[in-house]
Amino acid sequence: MPTTHVTSSLLPTPYGTFDMHGFADSETGKEHLALSMGDLSNGSVALVRLHSECLTGDALFSLRCDCGSQLQEALKRISEQGRGVLLYLRQEGRGIGLLNKIKAYNLQDQGADTVEANERLGFDADMREYGMAKDMLDYLQITSVQLMTNNPRKIKALTDLGINVDQRQALEVGKNSHNKAYLATKASKLDHLFGQ
C-alpha cells in the first residue's frame, strides 16, 4: 500500500465534529485527508465523497466551479446521516497543480473551455487517479459505498479497485452564472451526470 495512515485527530466543523485522518503517499509524496464520522467498521454501506483539492473553490470561494459547494454539501450530508467519510485528495486542477490551473483559468478567460485549456497546456482533460482512495478506504474498513458524485469516472475507478459502489448519490449544487459553461463542459466532454 503506497498510501498509509500517519496520524488522526478530531476536527470540529460547522457540520459537526469529524475524525480527521492524515495519509502519506510514498509514490507521489502527497498528503491526503479523510474526514470520517460514526462507526465505519461494521461492514454496512458507507456514505462517501471523493473530493479532489480545489484551493480556489474550497478556500477562496471561487464561483468558477462547483467544488466548494460540493465539499460543504458532502460534509452536511455525512453529518445528517451521522456516518460516512469524505476523502480529501490532493490533486488540484484535475491533477495539473495550482499554478497550471491558474494558467488554465487564463486560457478560459480568453474563451477556451476547461478541457481545451488543459489540453493547450499539454495535459489530458483529467489527470486524476484514485488508487490512494482504495488504501484510505481499506484503512477505514470500508468495502461498499454510497458515492456522492456526478462523475462516472469515479464510480468506475472505485469498482476497478474492488470497492463496491452500491449506489450513486447526485451532488448537484453550486450552480451560478459564472460556472454555467464549466458545468456544461463537464456534462458534454467529461460525461458528468446531471439531472439523472
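Readers should treat all values here as calculations from the given coordinates under stated rules, not as data from a laboratory. The structure presented is a predicted model; accordingly, all values stated were derived computationally and were not measured. So basically every Cβ, Gly included, is an ideal-geometry build from the backbone, and we count neighbours across all protein chains shown.
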Debye calc, one equal point scatterer per Cα of the chain, no solvent, log10 I(q)/I(0) at q = 0.11, 0.14 1/Å comes to -0.49, -0.80
As a test, work out the antiparallel percent of DSSP beta bridges whose residues both lie in the chain, rounded to the nearest 5. 60
0 to 90° range, to nearest 10: angle between helix 98-109 axis and the chain longest Cα axis: 40
With a point put 7 Å past each Cα toward its Cβ, work out how far Val6 is from Arg90 in nm, to one decimal. 0.6
Cα to Cα, under 14 Å, and not fewer than 8 places away if on the same chain: which aspartates and glutamates meet these conditions relative to Lys134? Asp25, Asp160
Mind scanning Lys154/Lys180; Lys30/Lys180; Lys101/Lys186; Lys101/Lys154 and naming the pairs with a C-alpha gap bigger than 26 Å? Lys30/Lys180
Structure-based [θ]222 nm, the chain - -39500 (n - 2.57) summed over DSSP H runs of at least 4, per residue, nearest 500: -10000 deg cm²/dmol
Computed over the Cα atoms of region 24-72, what is the convex hull's projected area averaged over all directions, in nm²? 4.9
If you line up the long axis of helix 180-190 against the longest principal axis of the chain, both from Cα atoms, how many degrees apart are they, to the nearest 10? 70
In nanometres, what is the gap between the two model label sites at Thr28 and Phe61, each 7 Å from Cα along Cα-to-Cβ? 2.9
